[in-house]
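What follows is one structure encoded as structure tokens, with my remarks underneath.
The values are calculated or read from the model by the stated rules, or taken from the named source; none is laboratory data. Keep in mind the model is a prediction, meaning the values are calculated, not measured. Backbone-built Cβ (ideal geometry, glycine too); neighbour counts: all protein chains shown. Please note that ligands, DNA and RNA were not included when accessible areas were found on the heavy atoms of the full protein model with its side chains. Shrake-Rupley method; radii C 1.70, N 1.55, O 1.52, S 1.80 Å.
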Amino acid sequence: MNFAIPADNANYGKVSITLTGGTVDQGDLITLNITLVLPANAKSAPSMTDQAADDAFVAWIVSGVGRAQLKKGGYPLTPEVYIGATPADTAATTLPANVLSAFTASGGTTSS
């Protein structure tokens with residue numbers, strides 16, 4: 001079953017799986033969550049060979065073009081929320097410039 005079609009969300013709850021230990025997990029609409037992992041107070045992670053590509057992908061996803069593509073694909077959109085690794089981290093001090101620009105333009109918010 002494809003769990004990414006918002007119009008079929010009522011059907012997803014009819015599907016369940018019993019996990020080891022007896023926990024029952026009900027079906028639900030699949031959401032897209034992106035985590036950009038960076039060292040504390042870093043603008044990039046230089047040890048990662050594909051950092052520029054990672055940054056560009058995240059910037060595209062939160063841009064107007066990326067959000068329009070996700071919406072066209074049926075994903076319900078919610079505002080982006082920045083959550084720092086430490087209380088001192090802020091979007092401005094940790095996100096790469098292209099990601100910060102797209103995040104800010106999309107109306108992204110910060111959570112403590």
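Heavy-atom accessible area, probed at 1.4 angstrom with all protein chains present, ranks Ile61, Ile17, Ile5 as Ile17, Ile5, Ile61, highest first. Accessible area of Leu100 (1.4 Å probe, protein heavy atoms only, ligands and nucleic acids ignored): about 40 Å².
Remark on Thr110: its backbone amide H falls under 5 Å from those of Tyr82, a criterion applied only to residues 5 or more positions apart or on other chains, H modelled at 1.01 Å from N. Computed from the C-beta positions of Ala56 and Thr109, the FRET efficiency with R₀ = 25 Å rounds to 0.65. Against the criterion of solvent-accessible heavy-atom surface with a 1.4 angstrom probe, Phe57, Phe103 sort, most first, into Phe57, Phe103.
So between Lys14 and Thr35, what do we pick up on full extension, going 0.36 nm a residue minus the alpha carbon distance? Before the final figure, lay out each step's value.
Details: separation 21, 0.36 × 21 = 7.56 nm, distance 2.95 nm.
Answer, rounded to one decimal: 4.6 nm.
Sorting Ser101, Ser63 by accessible area (1.4 Å probe), largest first, what list results?
Working: Ser101 75, Ser63 30 Å².
Putting Ser101, Ser63 in descending order of accessible area: Ser101, Ser63.
In this structure Thr35 has an accessible area near 110 Å², from a 1.4 Å probe over the protein heavy atoms.
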